[in-house]
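Chemist: There's a structure below that I have some questions on.
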Amino acid sequence: MLGLFVLAAACAPATPAPESPSVASAAPSSSSMKVPPIVQTGALVLRSRAQEVPAERIQTKEMRDLVATMIATMRAAPGVGLAAPQIGIPLRVVVLEDREDLLKNLTPEERRERERSPFPTRVFFNPVLTPVGEDRAMFFEGCLSVKGFVGLVDRSLEVEVSGLDEKAQPQTWRVRGWPARILQHEVDHLDGTLYIDRMKTRSFATAEHAKAVYNGKSIADIRKMLGL
Ligand code: ZN
């Protein structure tokens, strides 16, 4: 297995975000959206359990604005997923997508190995995740809230997620490979868990070092190098 991949490589502005108590404070004021800063590790909002969004609140302007802000923030970073606590909103909402332009530096073999291909934007309110089967996969991950670092994280290869979409309709998505990894990472955020809690700590590295040292190497080789 080839090694390096960063879940969300590039990062947002370094300014720490205020822990906005209400959604309204993070909502866009116009269509030319200025995205909020991404909350960095150390902020308690990233270590708290986010609250469920009542179904009847999902189709309000407040929630539409929140989702639009989250998608714009994810794209601006750029990243492949974002959870509401990462912009200071303690609610159970995640957005995710993978785009061709984020995949352009992966070889076809790397794409196959990660089971990574583009998928359209998905929005989940109150997602509940269930692993499917016993298969696991280990790759490098990064996080927009732990800017500039990566680590190896072992995750379920396949998951099923249920929740409500932006029209408050129930949806279920069974998925494997890279989107399954993104989902696990984002839903973890809703429970106050960061990838650094799950990573092989000896693999923790700056994104720069990881790229220089591990790029093109197999996960098996990297584990050997690190004594894992
Ligand atoms: Zn993250």
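Chemist: Taking the stated definitions as given, is E158 of a type in the set (D, E), closer than 25 Å to E97 by Cβ and either in contact with an Asp or Glu (Cβ under 9 Å, 6 or more places away or on another chain) or modelled with pLDDT under 95 (or both)? Please lay out each step first, then the result.
Modeler: Details: of a type in the set (D, E): yes; closer than 25 Å to E97 by Cβ: yes; either in contact with an Asp or Glu (Cβ under 9 Å, 6 or more places away or on another chain) or modelled with pLDDT under 95 (or both): yes.
So E158 fits the description; yes.
Chemist: Return the only residue of S156, S162 being over 17 Å from R92 (Cβ atoms), more than 16 Å from the ligand (Cβ to nearest atom) and among the hydroxyl-bearing types (S, T, Y).
Modeler: On inspection, the qualifying residue turns out to be S156.
Chemist: Counting only residues that are in a helix (DSSP H, G or I) and among the β-branched types (V, I, T), which one in region 205-226 is most open to solvent (accessible area, probe 1.4 Å)?
Modeler: Checked region 205-226; the qualifying residue most open to solvent (accessible area, probe 1.4 Å) is V213.
Chemist: Take the residues of region 129-153 that are under 15 Å from the mean Cα position of the chain (by Cα) and without any contact (Cβ under 8 Å) to a residue 60 or more places away in the chain: which is most open to solvent (accessible area, probe 1.4 Å)?
Modeler: So, considering only residues that are under 15 Å from the mean Cα position of the chain (by Cα) and without any contact (Cβ under 8 Å) to a residue 60 or more places away in the chain, the one most open to solvent (accessible area, probe 1.4 Å) is F149.
Chemist: Do you know which residues across region 185-204 are surrounded by fewer than 20 Cβ atoms within 10 Å (Cβ to Cβ) and small (G, A, S)?
Modeler: If the condition is that a residue be surrounded by fewer than 20 Cβ atoms within 10 Å (Cβ to Cβ) and small (G, A, S), then G192 is the only one that fits.
Chemist: Tally time: how many residues in region 36-57 are among the β-branched types (V, I, T) and within 15 Å of the chain's Cα centre (by Cα)?
Modeler: Residues in region 36-57 being among the β-branched types (V, I, T) and within 15 Å of the chain's Cα centre (by Cα): 3 in total.
The values are calculated or read from the model by the stated rules, or taken from the named source; none is laboratory data. Everything numeric here is computed off the predicted structure, so don't read it as measured data. When we count neighbours, we look across all protein chains shown, and the Cβ atoms used for this are built from the backbone with ideal geometry, even at glycine. SASA here: full protein model, heavy atoms, side chains in, ligands and nucleic acids out. Shrake-Rupley method; radii C 1.70, N 1.55, O 1.52, S 1.80 Å.
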